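The block underneath contains the structure these notes are about, expressed in structure tokens.
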Amino acid sequence: MSKPTIVVLAGGVSAEREVSLSSGQACAMALSRTYPTRLCEVSADTLPTDLDGQRDVVFSTLHGTFGEDGGMPKLLEAAGINYAGCAVESSALLMNKSRTKQVMKEHGLAGPREWLVTADALPTADAIMEKLGNLLIVKPNAEGSSVGLRLVANADDLQKALNQISTGQWLIEERIVGREFSVGVLHGKAMGVVEIRPKSGVYDYESKYTKGMTEYFAPAPIDEKLTARLQELSAMCYQVCGCRDYARVDFMMSESGDVYLLEINTLPGMKETSLLPMSASCAGLDFSALVREMVAPAVSRYSGTQRKAIR
């Protein structure tokens, strides 16, 4: 049976379009060393017209809205096209940060305290601070790459942030002061722990995508006990939330040593210098090997589909 063509989807319609284009280019180049590969730039929330389930397997790097919230996976499944990564239900769940935290809290892993608000029913700044304190983070409930994230340190800061909310759901979270970690999970197994040290003190969009703004340590300079704990929690998040093939789990650890879940990413950034590849490097996987492993289950599902069709 011949190899499928791997179609790498990149771009998309979200605020993370440029990040996605970079991820797609890097992944397409890596996959082309093993498979016939085609990079497909997506510019609308529709299925590309030239996909063929008898020939193609999709590897999506569509970060954010439509790509990461289950929109594209739903269209792929309806068209009978095999794809790598989480399926529709888990994608939709994990794009909703507040709902994800609720699910994991039921399994013993809490996130920072929060207040989920909507643009048409905003509470007062005083009410929010009475509940959550002064040090806060304001961010969209369903975006990635820290799009729209704002730091709050006083009532004036919070009021300015609230004044800029015009649509959708937003999370107002207590800001945990401490250390930030990220763990990649591949086929249900946690890989290395990466520590993130933004020079600004918070890992926002600028810190992520401006060279020199953040230091990364892979593996993180922590003891074996904490490493094992973060890996165990990451694997549990993957399993509980019904992830498939791969994901990335982000944590904050307070100065007192308490670990909090920030979010679970189903389609994380995928340049060679991104967090998931850093985590994989701790497990001995270079970028090309990682991307091959990420797409391998989808290729197996494709082969199974082809065998059934022949019968």
Provide, for q = 0.07, 0.11, 0.16 Å⁻¹, the log10 of I(q)/I(0) from a solvent-free Debye sum over equal Cα point scatterers in the chain.
-> -0.27, -0.67, -1.35
Just the Kirkwood number for the range 105-198, please: inverse of mean 1/r across all distinct Cα pairs, in Å, one decimal.
-> 14.8
Listing 182, 14 from the residue with the fewest other Cβ atoms within 10 Å to the one with the most, what is the order?
-> 14, 182
How long is the gain from residue 239 to residue 38 if the chain were fully straight, where each residue apart is worth 0.36 nm and the alpha carbon distance is subtracted?
-> 69.2 nm
Calculate, in nm to one decimal, what residue 46 and residue 258 gain on full extension: separation in residues at 0.36 nm each, minus their alpha carbon distance.
-> 72.1 nm
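Express the relative contact order of the chain as a whole percentage, based on alpha carbon pairs under 8 Å and six or more residues apart in sequence.
Over the chain, the number comes to 20 percent.
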Subtracting the Cα-Cα distance of residue 134 and residue 55 from 0.36 nm times their residue separation yields 23.0 nm
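With helices defined as uninterrupted DSSP H runs, which ones in the chain have an alpha carbon span along their own long axis of at least 18 Å and mean Kyte-Doolittle hydropathy of at least -0.5?
On the way: long enough: 17-31 (21 Å, 0.49); 224-240 (24 Å, -0.09); 287-310 (34 Å, 0.08).
Going by DSSP H runs, the hits are 17-31, 224-240, 287-310.
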Roughly what would the spin-label model give for residue 228 and residue 29, points 7 Å off Cα along C-beta, in nm?
-> 4.0
Compute the separation of the alpha-carbon centres of the range 102-129 and the range 179-197 and state it in Å as a whole number.
-> 25
Would you calculate the separation in nanometres between label points at residue 121 and residue 102, each defined as 7 Å from the Cα along the Cα-to-beta-carbon direction?
-> 1.3
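Each reported figure results from applying straightforward, stated rules to the coordinates on display, with no laboratory input. Computed from a prediction, not measured in an experiment: that's the story for all the values here. Glycine also receives a Cβ, built like all others from the backbone with ideal geometry; neighbour counts cover every protein chain displayed.
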